[in-house]
Each structure stands twice: as C-alpha cells, then as structure tokens.
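The values are calculated or read from the model by the stated rules, or taken from the named source; none is laboratory data. Computed from a predicted model, the values in this text were never measured in an experiment. Cβ sites come from the backbone with ideal geometry, for glycine too, and all protein chains shown count toward neighbours. The area values use the complete protein model at the heavy-atom level, side chains included, leaving out ligands, DNA and RNA. Shrake-Rupley method; radii C 1.70, N 1.55, O 1.52, S 1.80 Å.
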Amino acid sequence: MTALYRWPLRLASLAACLLCWQLAATARLDLGLITFSYVPTPGAVLEAAWQLVHSSKLLAHLSSSLARVFAGYLAAAVLGVLLGLAIGRSRWAEYSLLPPLEVLRPIPAVAWIPLAILMFPSAELSMVFITFTGALFPILLNTVHGVEGVDPRLVASARSLGAGRLAILREVVLPGAAPSIVTGLAIGMGTSWFCLVTAEMISGQFGIGYYTWESYTLQNYPDIVVGMLLIGLLGMGSSGLVKRLGGLVTPWYRTGRNA
C-alpha cells in the first residue's frame, strides 16, 4: 500500500476512535459491564494536556521517567543480548542459566516492587531495577531464538574455511540473529515503560506513572487520560526509534512488508 492511501487510512481510523470516544463520553453511555459516566471527553483531555504543557511539572515528570527507562533498558539490552548469545551457542549455558531465568520470567513487575524496595538503598534504584527486569526477558528470549535460528550449514561452512569461534560469532551468528535481536529490543522498550509506570505509581515522586496515579487519587479524570496518552506516545516513539536504528544496522534484512 502506497503512502498516498496509507496515511489517510491511518488518520481516518484515529478520527473514528476519537468520534466514538466523544459520543460515548458525551452521552455518558452505560452498557452494564462498562460505563462512560466518568470518562472525560476529548476536549477536556486536550484542555488538561494544554495546562500540563504550560506548567513546570511536565519537564520534571518526563525527565524522571526517561532517565529511569533508559538506565534500566540499556542495562537489560547489554545483559540480555550477552546472555542470549551464550545460551543460544552453548548447551552448558542453556542447561545452567535458562532454567532459573524461566522461573523468574513469569513474575510480574508488581510482585518485584516490595523485594526491590528491600534490596536497593533508594527508591530510584528500585524503579530502575523493575524497568530492567521488564526489558530483560523479551530481549533475552528473542536473542536466543535468533541465535538458534541461524542456519547450521552456514556455521559449518565458516568452520570449514578455518573461521574460529569469535569469527563465526561475529561474521555468521550475529548477522543472522540480528533481526530477532532488534525485535526483542523493540519489545523490551515497550515492556520497560509498562514496568516503570507500575513502579512509579507506588514508589515514585516524579514521573508519568506517578502523575497518572496522583491524578486518579485527586479525581482529576482528564489528567489520567493525559498521563495514559503520554505513556503510549513515549512507548510508541521509543520503540519506533529502536526499530529504526535496528533497520540501519541490518540493511540486508527485509520483511517484505511496507511500513
């Protein structure tokens, strides 16, 4: 689909969602299982967003959340890729490292919060840790999947030509696993935002998650939606940035689907 048709379709879908939101909130629609009686209209949310932009709070909330996300995410990216390469290439690493990681993987971010508060001397470090745990497992598992998906014939061919382990890793395994690694990095960025917001709702003093939760406790309903939209935009933008950077380092990889 060309850009001539793609962008109008995207804008039309957004407009349709806004229209449905406006109608449901204005009519205070009550469907029994779900009610829009207290949901603010798009106009009220836009007004609240305008007030936030012109206040001194926005920069403090944004800078706090961005610093926590990228600190935890970068640590998770480095460790997740290294562990994924080791587990994908070594049976010993797979048998010794993967079982405890698989036990830890299903634990939700909320369950880590009490232990993180006890483990780390400051709330800031505990929030970074929770962000780290959220991003680690998507990166790790996608790296393992990418490494294990490399054609063994390519590895055998490189070995027959005299390539050592490091050369095979650099010239065969990493290029072959790179698309899967990039996918894991993009997913990890999204889950890091999810986990950070959860942590900020409980332990934070600044941040988008804290702002959203504070708005709920104060019954500032338009501000809740503003916080949610900020989280969505920041998550979408940062994940898109990771994908774009990944596309630059994997020019040989094409999905065959237009963006």
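Going by the structure shown, is THR198 in contact with a Lys or Arg (Cβ under 9 Å, 6 or more places away or on another chain) and surrounded by 16 or more Cβ atoms within 10 Å (Cβ to Cβ)? In short, no. Remark: pairs (first residue in the stretch 240-259, modelled with pLDDT under 60; second residue in a loop (DSSP other than H, G, I, E, B); Cβ separation under 9 Å; 6+ apart in sequence or on different chains) = ASN258/MET1; ASN258/THR2.
Selection within the stretch 213-237: residues that are at pLDDT 90 or above and open to solvent by less than 20 Å² (accessible area, probe 1.4 Å). The member of this set that is farthest from PRO114 (Cα to Cα) is VAL226. Restricting to the stretch 117-140, name every residue that is open to solvent by 20 Å² or more (accessible area, probe 1.4 Å) and hydrophobic (A, V, I, L, M, F, W, C). Matches in the stretch 117-140: ILE117, LEU118, MET119, PHE120, ALA123, LEU125, VAL128, PHE129, PHE132, PHE137. Looking at the stretch 141-166, which of the residues that are in contact with a Gly (Cβ under 9 Å, 6 or more places away or on another chain) and open to solvent by 40 Å² or more (accessible area, probe 1.4 Å) is nearest to THR131 (Cα to Cα)? Out of the qualifying residues, it is LEU141. Is it the case that some residue within the stretch 3-14 is modelled with pLDDT of 90 or more and more than 29 Å from THR131 (Cα to Cα)? Checked the stretch 3-14: no residue is modelled with pLDDT of 90 or more and more than 29 Å from THR131 (Cα to Cα).
Counting only residues that are out of contact with any Leu (no Cβ under 9 Å at 6 or more places or on another chain) and closer than 15 Å to TYR221 by Cβ, the stretch 25-38 holds 4 of them. Selection within the stretch 50-73: residues that are more than 30 Å from PRO138 (Cβ to Cβ) and in a helix (DSSP H, G or I). The member of this set that is most open to solvent (accessible area, probe 1.4 Å) is TRP50. Please verify whether the stretch 103-115 includes one or more residues that are of a type in the set (A, V, I, L, M), over 19 Å from GLY204 (Cα atoms) and either under 16 Å from the mean Cα position of the chain (by Cα) or not in a loop (DSSP other than H, G, I, E, B) (or both). Yes.
The conditions of being more than 19 Å from LEU136 (Cβ to Cβ) and assigned to a helix (DSSP H, G or I) are met by GLY237.
Of all residues in the stretch 157-211, those satisfying the criterion of being over 18 Å from LEU83 (Cα atoms) and hydroxyl-bearing (Ser, Thr, Tyr) are SER157, SER160, THR191, SER192, THR198, SER203, TYR210, TYR211. Could you tell me whether LEU169 is more than 30 Å from LEU62 (Cβ to Cβ), open to solvent by 20 Å² or more (accessible area, probe 1.4 Å), more than 15 Å from the chain's Cα centre (by Cα) and at pLDDT 90 or above? When the stated conditions are applied, LEU169 does not pass them. Does the stretch 84-91 contain any residue that is in a helix (DSSP H, G or I) and under 23 Å from PHE194 (Cα atoms)? Within the stretch 84-91, one or more residues are in a helix (DSSP H, G or I) and under 23 Å from PHE194 (Cα atoms). Checking each residue in the stretch 21-36 for being part of a loop (DSSP other than H, G, I, E, B) and either among the hydroxyl-bearing types (Ser, Thr, Tyr) or open to solvent by 90 Å² or more (accessible area, probe 1.4 Å) (or both) picks out ARG28, LEU31, LEU33.
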